[in-house]
Amino acid sequence: MSQQNPIRGSWLWSLNPLSIMLWPLSQIFCVLVQIRYQLYKRNILASEKVSVPVIVVGNISLGGNGKTPFVQSLLQLLTQQGYRPGILTRGYKSDYEHETTLLANAATSQRAGDEANMLSELCQCPIAVGADRVKSARLLIQQFPELDCLITDDGLQHYALARDIEIVVQREQGYGNGLCLPAGPLRESRSRLRTVDLVVERDGADVTERFGRCWNLLQPEKTCALSDFIGQPVDALAGIGFPQLFFAALQAQGLDIRPHPFADHQIFSADDMAAFQQSPLLVTHKDAVKLRAFASANMWVVPLELTLSDALQSRIINILESKLHG
């Protein structure tokens, strides 16, 4: 039924004979990544600048660091400050990963991928989906000329698109064994963190998360409090980077859950869902966009809401104003 996450449960997250054996390749990878970064930094390789400021929200490790919920909070902050932002996202494991398409007015597409659809529903702003960030940015600006800044969800290492601000969202457990690929989960060494504009500790004091009211996947207008599930057995499903964080948060709310971890970006099948017919099934919003074909009255979406501290909001706005207006 459920599947152990193939990344989180692998050798990337501990020091073991295989990771040690791959350590020389990891060192070579780190050096090549650093050379590539320097080539772009010194303008030997060209980065293309678009007509509006670009804010990159990324990280130096494989997924699961909570970038996408932070992007939603950042967009809300910028909108409150009078900006009109759009979003660029790769559409990982989607049909559009090597194409480019647009989502607007909370539209979704089965081909766009889970993160793009979730962002579209939550942010309700223009979104470009595609691996080519330059092409995506151009198309988004062309179709929505009112946009005055772009947020790219992930893409810290996608230097072909010039950026004005770099924000890294990190979780300590995201560093795994501390080694670069292929021996560990790092896309580049931790020294890269010294060059970005802001590092946000996803589990730090400046970011508070809470669950909002649950809504029924079959009847979205039907809502309830998470506490309504206390005192009964509940199944919980998560196909995200660190599913155990979702399960632990539910248990901290007093729920008696049966956890069912799946792989990040899991494509669900009818067989996967066959066993979840009796007890309430709690799922993340990211998984919900892929589960609508199997929606039933016992499926409930648990939305995650982030609150950025006043201090962090001020830092972000000060960086933005300084970069854009001197």
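The values are calculated or read from the model by the stated rules, or taken from the named source; none is laboratory data. Here the structure is a predicted model, which means the values were calculated and not measured. Note that each Cβ is placed from the backbone with ideal geometry, even for glycine, and that neighbours are counted across all protein chains shown.
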Going through region 95-143 one residue at a time, which ones are touching a helix residue (DSSP H, G or I) at 6+ places or on another chain (Cβ under 7 Å), aliphatic (A, V, I, L, M) and farther than 21 Å from residue 159 by Cα?
102, 103, 106, 107, 118, 119, 122
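In region 269-291, how many are in a strand (DSSP E or B) and not aliphatic (A, V, I, L, M)? If you could, list the steps in order and put the result at the bottom.
Taking region 269-291 and keeping what is in a strand (DSSP E or B), we get 281-284.
Add one more test, that the residue is not aliphatic (A, V, I, L, M), and what stays is 284.
Qualifying residue count for the region: 1.
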Listed residues 212, 204; which is surrounded by 13 or more Cβ atoms within 10 Å (Cβ to Cβ) and without any contact (Cβ under 8 Å) to a residue 24 or more places away in the chain?
204
Quick check on this structure: which one of 217, 150, 161 is of a type in the set (A, V, I, L, M), touching a Pro at 6+ places or on another chain (Cβ under 7 Å) and crowded, with 19+ Cβ neighbours inside 10 Å?
150
Scope region 186-221; condition assigned to a loop (DSSP other than H, G, I, E, B) and either within 25 Å of residue 26 (Cα to Cα) or among the charged types (D, E, K, R) (or both); matching residues
187, 188, 189, 196, 197, 202, 203, 206, 213, 221
Report yes if residue 78 is farther than 20 Å from residue 117 by Cα, of a type outside the set (Ser, Thr, Tyr), buried (at least 17 other Cβ atoms within 10 Å of the Cβ) and at pLDDT 95 or above, otherwise no.
yes
Quick check on my filter: what residues within region 273-290 are of a type outside the set (Lys, Arg) and modelled with pLDDT under 90?
274, 275, 277, 278, 289
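Mind telling me which of the residues 114, 132 ends up being free of Cβ contacts under 8 Å to residues at least 40 places away in the same chain, among the acidic types (Asp, Glu) and under 23 Å from residue 187 (Cβ atoms)?
Values: 114 fails: free of Cβ contacts under 8 Å to residues at least 40 places away in the same chain.
None of the other options fit; the residue is 132.
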Pairs needed: first member in region 32-60, more than 22 Å from residue 75 (Cβ to Cβ); second member anywhere, small (Gly, Ala, Ser) and part of a helix (DSSP H, G or I); C-beta distance under 9 Å; at least 6 residues apart or different chains.
34/191; 48/137; 60/174
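Considering each residue of region 43-87, count those that are among the aliphatic types (A, V, I, L, M), under 21 Å from the mean Cα position of the chain (by Cα) and assigned to a loop (DSSP other than H, G, I, E, B), and give that number. Talk me through it step by step, then tell me what you get.
Step one: of region 43-87, the residues among the aliphatic types (A, V, I, L, M) are 44-46, 50, 52, 54-57, 60, 62, 71, 74-75, 77-78, 87.
Filter once more, so that each one left must be under 21 Å from the mean Cα position of the chain (by Cα): 54-57, 60, 62, 71, 74-75, 77-78, 87.
Filter again for assigned to a loop (DSSP other than H, G, I, E, B), leaving 60, 62.
Going through region 43-87 one residue at a time, the tally reaches 2.
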From 42, 84, grab the single residue that is basic (Lys, Arg), out of contact with any Phe, Trp or Tyr (no Cβ under 6 Å at 6 or more places or on another chain) and exposed (fewer than 14 other Cβ atoms within 10 Å of the Cβ).
42
Can you name the number of the only condition in (1) farther than 18 Å from residue 217 by Cα; (2) assigned to a strand (DSSP E or B) that residue 322 fails?
(2)
Leading residue by the ranking (modelled with the lowest pLDDT) among those in region 88-119 that are farther than 26 Å from residue 324 by Cβ and assigned to a helix (DSSP H, G or I):
114
In region 120-137, which residues are part of a helix (DSSP H, G or I) and in contact with a strand residue (DSSP E or B) (Cβ under 8 Å, 6 or more places away or on another chain)?
120, 123, 133, 134, 136, 137
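Condition check: touching a residue at least 60 places away in the same chain (Cβ under 8 Å) and on the phi > 0 side of the Ramachandran plot. Does residue 91 satisfy that?
Working: touching a residue at least 60 places away in the same chain (Cβ under 8 Å): no; on the phi > 0 side of the Ramachandran plot: yes.
It is false that residue 91 is touching a residue at least 60 places away in the same chain (Cβ under 8 Å) and on the phi > 0 side of the Ramachandran plot.
When you scan region 128-147, how many residues do you find that are of a type in the set (Asp, Glu) and surrounded by fewer than 19 Cβ atoms within 10 Å (Cβ to Cβ)? Let's see the steps before the verdict.
Here is the first cut: in region 128-147, the ones of a type in the set (Asp, Glu) are 132, 146.
Imposing the further condition that a residue be surrounded by fewer than 19 Cβ atoms within 10 Å (Cβ to Cβ) reduces the set to 146.
Residues flagged as of a type in the set (Asp, Glu) and surrounded by fewer than 19 Cβ atoms within 10 Å (Cβ to Cβ) within region 128-147 amount to 1.
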Pick from region 267-293 the residues that are small (Gly, Ala, Ser) and surrounded by 14 or more Cβ atoms within 10 Å (Cβ to Cβ): which of them is nearest to residue 232 (Cα to Cα)?
279
